[in-house]
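Undergrad: Here it is, the structure, as structure tokens.
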Ligand SMILES: C[S@@+](CC[C@H](N)C(=O)[O-])C[C@H]1O[C@@H](n2cnc3c(N)ncnc32)[C@H](O)[C@@H]1O
């Protein structure tokens with residue numbers, strides 16, 4: 001609703017020149033209900049409309065969960081709500097989906113979209129929370145366990161595409177990278193507290209970065225002159241580090257930038273410790289016979305999911321787990337290149353575990 005003229009939809013902020021300075025001024029898709037034809041064109045071109053996230057491996061997840069009316073589900077990473085909406089359709093009438101996300105900026109928009117689609121309070125409960133706290137959230141909802149749990153790891157397209165969130169080297173923005181900007185340190189401050197060895201170890205551990213030493217050295221040298229404050233600034237330093245150790249194609253430079261930004265994002269958001277806590281508590285959050293599915297996007301995540309699932313199968317908490325991860329089909333990757341690195345692993349809680 002537009003508070004200045006009740007009854008009239010709020011106008012998209014005016015495009016203010018040849019080079020839009022703000023993300024909100026640039027893309028019509030950010031107002032999807034007003035510009036459905038623009039959204040359709042972007043999707044048809046195999047791209048994700050700005051301000052939107054397309055659910056990955058949706059058919060595979062629904063096939064795995066075999067949802068029925070009346071079931072209870074936890075979506076640990078609500079994001080844009082694409083998976084949640086499809087799961088909600090399967091569990092109505094009588095079902096409940098508990099949705100969590102750590103992002104306080106996108107979460108209210110997602111809840112508003114789901115409510116506008118007719119989803120009632122008794123069918124959907126939304127919590128601004130880290131998924132490491134899933135047992136506590138389920139307890140506050142009076143649930144001892146749920147039938148299915150989904151975690152779709154990493155960041156959303158909305159976070160990635162909005163330069164003001166500082167997740168991407170493709171556009172300039174403040175070097176932040178926090179999914180919850182109200183907690184922890186932005187990347188610029190976090191980098192200021194690191195030493196060279198710790199930074200090199202972090203780049204190797206979080207993203208298997210083969211040139212971790214050279215990149216860490218260049219970042220520390222730059223930090224001693226002037227702290228890195230922007231995404232482009234970090235990207236330039238990484239490119240300088242690469243040119244000091246060899247000749248790299250544009251594709252190799254881009255892949256390195258993706259790894260470095262991923263590594264810093266994981267560190268700033270403390271992603272691995274949240275994931276490990278979540279994986280440890282998972283069996284106790286499922287009803288006997290309940291199923292969990294986790295979508296991962298890089299080896300550091302997938303290794304952890306595989307290890308925890310195997311350990312819980314060995315000690316009898318899970319009766320079955322995915323031996324091999326499910327991968328998105330070629331057609332999905334073609335229409336949504338962001339699905340390319342996805343791996344889906346699942347586990348089923350034992351009936352008596
Ligand atoms: C890939 S998106 C999920 C997309 C969603 N499945 C959909 O269909 O739109 C990942 C989401 O997980 C959230 N997230 C990442 N780590 C989290 C954590 N530890 N706890 C809760 N949410 C987290 C991010 O903020 C982001 O919104």
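The values are calculated or read from the model by the stated rules, or taken from the named source; none is laboratory data. Quick caveat: nothing in here was measured; it's all calculated off a predicted structure. Note that we place each Cβ from the backbone using ideal geometry, even for glycine, and neighbour counts take in every protein chain shown.
Undergrad: For residue 202, only one of the following conditions fails: (1) in a helix (DSSP H, G or I); (2) at pLDDT below 95; (3) under 30 Å from residue 128 (Cβ atoms). What is its number?
TA: Failing condition for residue 202: (2).
Undergrad: With the requirement that a residue be within 14 Å of the ligand (Cβ to nearest atom), surrounded by 20 or more Cβ atoms within 10 Å (Cβ to Cβ) and not in a loop (DSSP other than H, G, I, E, B), what does the stretch 91-110 give you?
TA: Within the stretch 91-110, 97, 98, 99, 100, 101, 107, 110 meet the criteria.
Undergrad: Still on this model: What number goes with the only condition from (1) under 17 Å from the mean Cα position of the chain (by Cα); (2) closer than 30 Å to residue 196 by Cβ that residue 278 does not pass?
TA: Every condition holds for residue 278 apart from (2).
Undergrad: Would you be able to say whether some residue in the stretch 144-152 is in contact with a helix residue (DSSP H, G or I) (Cβ under 9 Å, 6 or more places away or on another chain), assigned by TED's automatic domain parsing to the domain that holds residue 64 and in a loop (DSSP other than H, G, I, E, B)?
TA: So far as the stretch 144-152 goes, yes, one or more of its residues are in contact with a helix residue (DSSP H, G or I) (Cβ under 9 Å, 6 or more places away or on another chain), assigned by TED's automatic domain parsing to the domain that holds residue 64 and in a loop (DSSP other than H, G, I, E, B).
Undergrad: State all residues of the stretch 57-72 that are within 12 Å of the ligand (Cβ to nearest atom), in contact with a strand residue (DSSP E or B) (Cβ under 6 Å, 6 or more places away or on another chain) and closer than 18 Å to residue 99 by Cα; if no residue qualifies, say none.
TA: Within the stretch 57-72, just 61 meets the criteria.
Undergrad: Something else about it: Taking the conditions exactly as written (surrounded by fewer than 16 Cβ atoms within 10 Å (Cβ to Cβ) and either outside any helix (DSSP H, G or I) or within 16 Å of the ligand (Cβ to nearest atom) (or both)), does residue 262 satisfy them or not?
TA: On the way: surrounded by fewer than 16 Cβ atoms within 10 Å (Cβ to Cβ): no; either outside any helix (DSSP H, G or I) or within 16 Å of the ligand (Cβ to nearest atom) (or both): yes.
Answer is no for this residue.
Undergrad: Restricting attention to the stretch 285-313, report how many residues are part of a loop (DSSP other than H, G, I, E, B) and touching a strand residue (DSSP E or B) at 6+ places or on another chain (Cβ under 7 Å). Don't jump to the end; show me each part of the working.
TA: Going through the stretch 285-313, the residues part of a loop (DSSP other than H, G, I, E, B) turn out to be 297-298.
From the residues that got through so far, the ones that are touching a strand residue (DSSP E or B) at 6+ places or on another chain (Cβ under 7 Å) too are none.
Of the residues in that region, 0 qualify.
Undergrad: Are any residues in the stretch 239-251 free of Cβ contacts under 8 Å to residues at least 24 places away in the same chain and in a helix (DSSP H, G or I), and if so, which ones? Outline the logic, then answer.
TA: Initial filter on the stretch 239-251 (free of Cβ contacts under 8 Å to residues at least 24 places away in the same chain): 239-240, 243, 246-251.
Once the filter is applied, which keeps residues that are free of Cβ contacts under 8 Å to residues at least 24 places away in the same chain and in a helix (DSSP H, G or I), the stretch 239-251 yields 239, 240, 243, 250, 251.
Undergrad: Moving on to the next point. Taking the stretch 153-192 on its own, how many of its residues are part of a helix (DSSP H, G or I) and within 11 Å of the ligand (Cβ to nearest atom)?
TA: Pass one, the stretch 153-192, residues part of a helix (DSSP H, G or I): 157-161, 163-165, 187-192.
Restricting the remaining residues to those that are within 11 Å of the ligand (Cβ to nearest atom) gives 157-160, 165.
Residues meeting the conditions: 5.
Undergrad: Now for a separate question. Could you identify the single residue in 138, 124, 114 that is within 15 Å of the ligand (Cβ to nearest atom), in contact with a helix residue (DSSP H, G or I) (Cβ under 7 Å, 6 or more places away or on another chain), in contact (Cβ under 8 Å) with a residue 24 or more places away in the chain and within 21 Å of residue 289 (Cβ to Cβ)?
TA: So the residue among 138, 124, 114 that is within 15 Å of the ligand (Cβ to nearest atom), in contact with a helix residue (DSSP H, G or I) (Cβ under 7 Å, 6 or more places away or on another chain), in contact (Cβ under 8 Å) with a residue 24 or more places away in the chain and within 21 Å of residue 289 (Cβ to Cβ) is 138.
Undergrad: Another one. Tell me which residues, restricted to the stretch 328-343, are surrounded by 13 or more Cβ atoms within 10 Å (Cβ to Cβ) and touching a residue at least 24 places away in the same chain (Cβ under 8 Å).
TA: 328, 332, 335, 336, 338, 339, 341, 342, 343
Undergrad: While we're looking at this one, here's another question. Within the stretch 60-90, can you find the residues that are surrounded by 19 or more Cβ atoms within 10 Å (Cβ to Cβ) and not in a helix (DSSP H, G or I)?
TA: 67, 71, 72, 73, 74, 75, 76, 77, 78, 79, 80, 81
Undergrad: Being modelled with pLDDT of 95 or more and more than 26 Å from residue 55 (Cβ to Cβ): is that true of residue 139 here?
TA: yes
Undergrad: Surrounded by fewer than 21 Cβ atoms within 10 Å (Cβ to Cβ) and assigned to a strand (DSSP E or B) - does that describe any residue in the stretch 130-140?
TA: Checked against the condition, which is being surrounded by fewer than 21 Cβ atoms within 10 Å (Cβ to Cβ) and assigned to a strand (DSSP E or B), the stretch 130-140 yields no hits at all.
Undergrad: To continue, here is another question. Based on this model, can you work out whether residue 117 counts as exposed (fewer than 15 other Cβ atoms within 10 Å of the Cβ) and not assigned by TED's automatic domain parsing to the domain that holds residue 229?
TA: Criteria met by residue 117.
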